[in-house]
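What follows is a set of notes on a single structure, which appears directly below.
The values are calculated or read from the model by the stated rules, or taken from the named source; none is laboratory data. Just so it is clear, the structure is predicted and the values come from calculations on it, not from any experiment. Positions of Cβ are generated from backbone atoms using ideal geometry, with glycine treated the same way; all protein chains shown enter the neighbour counts.
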Amino acid sequence: MKDSQIITSRTNPKVKALIDLKDSKEHFFVEGYRIIEEILRANLMPVEVIYTSESGLNPITIKAKSMALSFTSMSGHVFEKISDTKEPQGLAAFFKKPIYKLDDIINKSGEKAVFLLLHEIQDPGNLGTIFRTARAAGVAAIILTKKSVTVTNTKVIRSSMGTVLSVPFIDDIRINDAISYLRNGRVFIAVTDLKSGENIYETEYKLPVCFVLGNEAHGLPEEILSKADFSLKIPIINDIESLNLSVSASVLMYDAVKRFLLFKK
C-alpha cells in the first residue's frame, strides 16, 4: 500500500526503519534528481521513495512516486537525518539489490562477451566509474572478490550514476572460484601485469574474455597471474608508476570494443 504520511519528527519509528533499510546491504540508497531519473529510465521500481514537501512537485519526484511500492513525505530536518549529503536535494529512493548467478550470466552472454574480475578493489570512486564505463561498453558482468568495497556503498552508487543497478554483478566471491566458473564457461582469462604482461596493442586475445585487475595498492597475487591465458599491460610512455585502476579498466574495455565491435548488434 502506498504510504503518504508526512513525518516531522526524527524519532518517528518510520525514520529508524528507513535507516535500518539503508544499512541492510540488501538495498541501494540513492539520492538526487539526476541519478534517480537515470535509474527510473531503466524501468527499475523503487521499494521506497522519500522526499521533502519542497521537492514534492518536481516531475522526477512525481515519476518516482508513481513507480514506487511506497513513498513517504518528510520535513527537511528529518530528511537530513537519513541523507548522506551535506546539502540534500530532498529526494531519495531505495532499490532492492538484485541477485545474479555467475554461471547463468556466462551461459547467456554468448561468444562475444567481455567480463571484468576485480580483486579486492577498495576505492568506491574507482568502482563506480568502472560500472559506468562497463555499461557504456556493453560488458556482460562485473565480478568482485571478497574484501572489495560493497556495491551498495553510496559513493559507488553516486560515481556510477546509478549504472550499478543496470550492469549484472557478482560480489563477495573468492577469486579462485570466480576463475573456475569462467573457465568452465570457456571464458579466456586475461590478467594485467606491468612487469611481465605483453603490450596490449601488440597482443592478440580472444573472446569471450575476462579482464582481471588487482587491488589498487598490491595488484594481483602471483598465484592468479600464473593461471592466465593472456598477460597484458597498457604501455606507459612517460615515467609514472601506474595508471589509475578505473582508467586501466576503461582502456581494456574499449580495446575490446574497438577490436570486436561490441557495440554492433
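Structure notes:
- Filter result for residue 63 (surrounded by 15 or more Cβ atoms within 10 Å (Cβ to Cβ), more than 16 Å from residue 158 (Cα to Cα), in contact (Cβ under 8 Å) with a residue 12 or more places away in the chain and over 27 Å from the mean Cα position of the chain (by Cα)): no
- Selection from region 22-81 of residues that are over 20 Å from residue 162 (Cβ atoms) and out of contact with any Lys or Arg (no Cβ under 8 Å at 6 or more places or on another chain): 52, 53, 54, 56, 57, 73, 74, 75, 76, 80
- Qualifying residues in region 172-220 (those that are among the aromatic types (Phe, Trp, Tyr) and surrounded by 15 or more Cβ atoms within 10 Å (Cβ to Cβ)) - the one modelled with the lowest pLDDT: 205
- Meets criteria (part of a loop (DSSP other than H, G, I, E, B) and among the polar types (S, T, N, Q)) for residue 242: yes
- Count of region 128-171 residues, restricted to those that are in a strand (DSSP E or B) and within 23 Å of residue 93 (Cα to Cα), is 3.
- Criterion violated by residue 233 - all others in (1) over 27 Å from residue 111 (Cβ atoms); (2) surrounded by 14 or more Cβ atoms within 10 Å (Cβ to Cβ) satisfied: (1)
- Members of region 200-222 that are assigned to a loop (DSSP other than H, G, I, E, B) and either within 22 Å of residue 236 (Cβ to Cβ) or touching a Pro at 6+ places or on another chain (Cβ under 8 Å) (or both): 203, 204, 205, 214, 216, 217, 218, 220
- Count - residues of region 113-122 that are in a loop (DSSP other than H, G, I, E, B) and touching a Leu at 6+ places or on another chain (Cβ under 7 Å): 3
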